[in-house]
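The values are calculated or read from the model by the stated rules, or taken from the named source; none is laboratory data. All of these numbers come straight from a predicted model, not from anything done at the bench. Please note: Cβ atoms are built from the backbone with ideal geometry, for glycine as well, and neighbour counts cover all protein chains shown. Just the protein is used for accessible areas: all its heavy atoms, side chains included, with ligands, DNA and RNA removed. Shrake-Rupley method; radii C 1.70, N 1.55, O 1.52, S 1.80 Å.
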Amino acid sequence: MHVPDGFLDAPTSVATGAVAAVGIAIALRGARRELDDRTAPLAGLVATFVFATQMINFPVGAGTSGHLLGGALAAVLVGPYTGLLCLSVVFVVQCLLFADGGITALGTNILLMGIVTVVVGWALFKITQAVLPKRVSMVAPAAAIGALLSVPVASLAFVGLYAVGGSVDISLGALATAMVGVHTLIGIGEALITFLAVGSIAAVRPDLVYGARPVLAQRTLVLKGAAR
Amino acid sequence: MTKVSTRWLVVAGIAVALLVAGIGSRYASGDPDGLTKVSQDHGFASAGTSHDGPFAYGGWSGVVGVVAVLAIVLVLVLFLRRRRSSDEA
């Protein structure tokens, strides 16, 4: 979903750049609280994994492909603030070293693929976690649900930006239908990759998974209660 | 149950990322991605312009990208943790 230069006009790109800068500033503050001895080692891994996996476009039919965005994956593994920082580093490297995503569109790409997927992915993860049984085995499915919906929501956010500052006058309804349609399919791939990545780390070291902490804390309390 | 060490897990994970970047990327779909395809179908693809980057995805370039991302994040984490500990002191 990397937006190139030229799809959105200059004022819109300046505005998304400002929103991205504010988002990163908030994330820098929040990440200082998240980055403890368990989160810090995983941050590098999450960023490299997202970067590497984004190179692998998977087919979704009709001559179209998609790749992981990674918001839910990063937020659940290292926390939403650190997760956004990891993704932002990925988008900057992609833009400057690999010409993937426009330079004036860097703020747009950080907003759509970073901020939107992290916020939506993390919020849906927390809601799903509250509904599902409080077990470590439920962390990966909850992350997958956040991942599944974060992609079509990000595509809808692009349509919103296009409505404000799109370069070519086209039917917004048709654009929204097409974007949400194809990105719902890409969301299934996003959910699958997120499930596997979060599930494998949660299986061996649940204590390293940021999103598993409430479940682990509760389990410890139950065990302490039973011991009395 | 023997606990997998954090170091082992991170090293194994980064090895997977390097394999994906160096080898897996050869098998990536060459079809346009969702946004590119929609922009072609809906007549705004031509509005997009591209710039040149020093690297292309796949093979050793992909590995260079992985190393660059890892290095930047490690420096960032180190910096933020130093700020955190000086705040608490």
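For chain B, the longest principal axis of the Cα atoms and the long axis of helix B:59-88 meet at an angle of about 40 degrees.
Using the Kirkwood radius built from alpha carbon pairs, what does the Stokes-Einstein equation give as D for segment A:121-215 at 20 °C and 1.002 mPa s, in µm² per second?
Details: Rh = 14.5 Å.
For these conditions, the coefficient is 148 µm²/s.
Taken about its Cα centre, segment A:10-227 carries a charge dipole of roughly 840 debye when the Cβ of each Lys and Arg holds +1 and the Cβ of each Asp and Glu holds -1. Adding -39500 (n - 2.57) for every DSSP H run of four residues or longer, then dividing by how many residues chain B holds, sets the calculated 222 nm ellipticity at -21000 deg cm²/dmol.
Among A:177, A:108, A:16, the largest mean-square fluctuation in a Gaussian network model of chain A (Cα springs under 10 Å) belongs to A:177.
Expressed as a whole percentage, what fraction of the accessible surface of segment A:51-137 belongs to carbon and sulfur atoms when a 1.4 Å probe is rolled over the protein heavy atoms?
Working: 1790 of 2410 Å².
Carbon-and-sulfur percentage of accessible area, whole number: 74.
Between B:78, B:46, A:55, the Cα set farthest toward the positive side of the dipole of the protein assembly as shown (charges on each charged residue's Cβ, about the Cα centre) is that of B:78. Placing dummy labels 7 Å off each Cα toward the beta-carbon, the span from residue B:7 to residue B:52 is 4.4 nm.
The residue B:15 and residue A:18 beta-carbon pair, evaluated with R₀ = 51 Å, returns a calculated FRET efficiency of approximately 0.85.
Residues of segment B:36-75 that bury at least 50 Å² of accessible area when the other protein chains are present, relative to the chain alone (probe 1.4 Å, heavy atoms, ligands and nucleic acids excluded): B:38, B:42, B:44, B:47, B:49, B:51, B:55, B:57, B:69, B:73. Largest accessible area first, the residues B:42, A:2 order themselves as B:42, A:2 under a 1.4 Å probe with ligands, DNA and RNA left out.
May I ask you to give the solvent-accessible area per residue for chain B, in square angstrom, as obtained with a 1.4 angstrom probe? Provide the component values of the computation, followed by the final result.
Working: 5590 Å² over 89 residues.
For chain B, the per-residue accessible area is 63 Å².
Other residues with beta-carbon under 12 Å from the beta-carbon of residue A:185 carry, at +1 per Lys or Arg and -1 per Asp or Glu, a net charge of -1.
Over the residues of chain A, the helix contribution to mean residue ellipticity at 222 nm works out to -24000 deg cm²/dmol, using -39500 (n - 2.57) for each DSSP H run of at least 4.
Which value, in square angstrom to the nearest 100, describes the accessible area buried between chains A and B on both sides, using a 1.4 angstrom probe? Each step should come with its number before you reach the end.
On the way: alone 10730 and 8180 Å², together 13880 Å².
Result for this pair: about 5000 Å² buried.
Considering only protein heavy atoms, what per residue accessible area in square angstrom results for segment A:10-227 with a 1.4 angstrom probe? About 36 Å² of surface per residue is accessible. Taking every C-alpha pair closer than 8 Å and separated by at least 6 residues, the mean separation divided by the residue count of chain A gives a relative contact order of 26 percent.
The accessible area of residue A:126, taken with all protein chains in place and a 1.4 Å probe, comes to roughly 80 Å². When the P(r) is computed for segment A:10-227, the part past 27 Å accounts for 31% of the Cα-Cα pairs. Between residue A:103 and residue A:184, the modelled labels are 3.9 nm apart [label points 7 Å from Cα along Cα→Cβ]. Applied to segment A:46-61, the Karplus parametrisation 6.51 cos²θ - 1.76 cosθ + 1.60 on θ = phi - 60° returns per-residue 3J(HN,Hα) values of 4, 5, 5, 5, 5, 4, 5, 5, 5, 6, 8, 6, 9, x, 10, x Hz, with x for Gly and Pro.
With respect to chain A, whose longest principal axis is taken over its alpha-carbon atoms, helix A:172-204 is tilted by about 30°.
Tell me the carbon and sulfur percent of the accessible area for chain B, rounded to whole percent, probe radius 1.4 Å.
Working: 3500 of 5590 Å².
Answer for chain B is 63 percent, counting heavy atoms of protein chains only.
Peptide A:76-85 has a mean shielding of 1, counted as Cβ atoms of other protein chains within 10 Å of each residue's Cβ.
What residues in segment A:94-136 lose 30 Å² or more of accessible surface when the other protein chains are added to their chain alone (1.4 Å probe)? Listed by number, the residues meeting the 30 Å² cut-off are A:97, A:98, A:99.
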